[in-house]
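Right, one structure below, let's go through it.
The values are calculated or read from the model by the stated rules, or taken from the named source; none is laboratory data. Just so you know, these numbers come straight off a predicted model, no measurement behind them. Cβ placement follows ideal geometry from the backbone for every residue including glycine, while neighbour counts extend to all protein chains displayed.
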Amino acid sequence: MMFSGKVLGIQESFLNKWDSDVKYKIAEGKSVLQFNLGQPDFACPEFVKEAIKIVNGKDKNNFYNHTGGTDKLRFLLADLQKKTFGLEYNKEEVIVTNGAKEALFLAFAAILNGNDEVIVVAPHWPTYVEQVKFFGGLPVVVDITNNFGLNIEAIKKAVNENTKAIVINNPNNPVGMIYGREDIGEIVELAEKHNLIIISDEVYNSTVFDGKKHISVADFPGAKERAIVIDGFSKTLSMTGYRLGFAFSSREIIDNMIKVKSNINGNTNSFFQMVVEEVLANHFEDYLRFVDMAKGEYLKRRDFLCESLDGMKMEYKKPEGTFYLFAKIPKGFDMGSREFVESLLEKTGIAVAPGIFFGKSFDNYFRISFGTSMEDIVEGVKRMKKFLEETRH
Ligand code: PMP
């Protein structure tokens, strides 16, 4: 056999693959509204463009740099965590990565041995499970409750002597739910009791609505040492393509992630690290304004989408954060989520993501991303209404 058991044991990212399929349709000339991807529609912010110009004129913007990130950026990211969430990290407890996706990969690489079990709360972003499998670990998927809450009892039951870590995603993609202090406290307590590592993906921490506040797992006494907090600027600054992610943890864990990274791709893009240094050091007010503007826009889109879905009598969980909405496949469609989204794409040009991507129990759901423009959302709702009228009996 030419290929490794490791690579044969995983799937290409469902979301990336489905997006390629959708983009082929567009290339063939189909009019498609893309609600399938976590892509904010905002142009690169002006202050980032300004920072790019400044860095362009600097020396050594084309050189190799420290694997874990430039000294200055690691310091500034620790400072950002302090300013935004009151969390204390020093620069040795930060790693700069090629997107949050790489931070997750390095985290699993650093901690997993074959047969280690990792609890993943579902519905979940698909990549967690594939990465765990890649490192020989066993993903143990635990579904949330019917009311879209953390199922602490089920999580407790899933822990055994092989459990190494638990993955939570707060705010959550695809449901848009956020975890309260009590829930996170229970996870931390459980992790302490069984000596587990908590991988807390917090990439949507700046998109929380209705006066609620993001609470990081690192906010709990004792959690900082056993938590790997994953974050990045893909969503926060609408720069998915620039690939700037980062993670916070104990120095020991970060050093081991750096060890792996030094043998994969070395430092994250030096130029863009310098750009983000410039943004955080000299345009912090602009940064905060942008984050606020984006949140305001997502909120308008969420409210419009929720009202429209109510009008169509659709069932869904109102997002408390993120720019995703998880809706139930309307009654009358006797099919799985994959078939539903394919038929929706074919008949209406609306691209969404099937619930099955996010866990076996969610085949009666689909995910709508409202990272797209309001204009697209208005048109999408129109097409959806027509589709339901024509299809429902
Ligand atoms: N975590 C979650 C929950 C995500 O939704 C995404 C992107 N869709 C990522 C991580 C990866 O982000 P990045 O672009 O920083 O790799």
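Can you work out which of the residues in segment 296-314 that are of a type in the set (D, E, K, R) and surrounded by fewer than 16 Cβ atoms within 10 Å (Cβ to Cβ) is modelled with the lowest pLDDT? Only one residue tops the list, namely K313. Filtered by the rule that a residue be touching a helix residue (DSSP H, G or I) at 6+ places or on another chain (Cβ under 9 Å) and not hydrophobic (A, V, I, L, M, F, W, C), segment 360-381 gives S361, D363, N364, Y365, R367, G371, T372, S373, G380. Of the listed requirements (1) more than 25 Å from L190 (Cα to Cα); (2) within 16 Å of the ligand (Cβ to nearest atom); (3) not in a helix (DSSP H, G or I), A247 misses just one: (1). Which of the residues belonging to segment 199-222 are surrounded by fewer than 23 Cβ atoms within 10 Å (Cβ to Cβ) and β-branched (V, I, T)? Hits for segment 199-222 are V208, I215. Being without any contact (Cβ under 8 Å) to a residue 60 or more places away in the chain and more than 15 Å from the ligand (Cβ to nearest atom) holds for only one residue in E278, E285, and it is E285.
Please verify whether F271 is touching a residue at least 60 places away in the same chain (Cβ under 8 Å), within 20 Å of the chain's Cα centre (by Cα) and either surrounded by fewer than 23 Cβ atoms within 10 Å (Cβ to Cβ) or under 17 Å from N205 (Cα atoms) (or both), treating the condition exactly as stated. Against the criterion (touching a residue at least 60 places away in the same chain (Cβ under 8 Å), within 20 Å of the chain's Cα centre (by Cα) and either surrounded by fewer than 23 Cβ atoms within 10 Å (Cβ to Cβ) or under 17 Å from N205 (Cα atoms) (or both)), F271 does not qualify. Of the residues making up segment 83-104, those that are acidic (D, E), over 18 Å from the mean Cα position of the chain (by Cα) and either within 8 Å of the ligand (Cβ to nearest atom) or within 14 Å of K72 (Cα to Cα) (or both) are E92, E93.
Once segment 225-244 is narrowed to residues that are among the basic types (K, R) and near the ligand (Cβ under 8 Å from one of its atoms), the residue that is farthest from A191 (Cα to Cα) is R243. Taken over segment 21-38, residues that are closer than 30 Å to L138 by Cα and within 15 Å of the ligand (Cβ to nearest atom) amount to 3.
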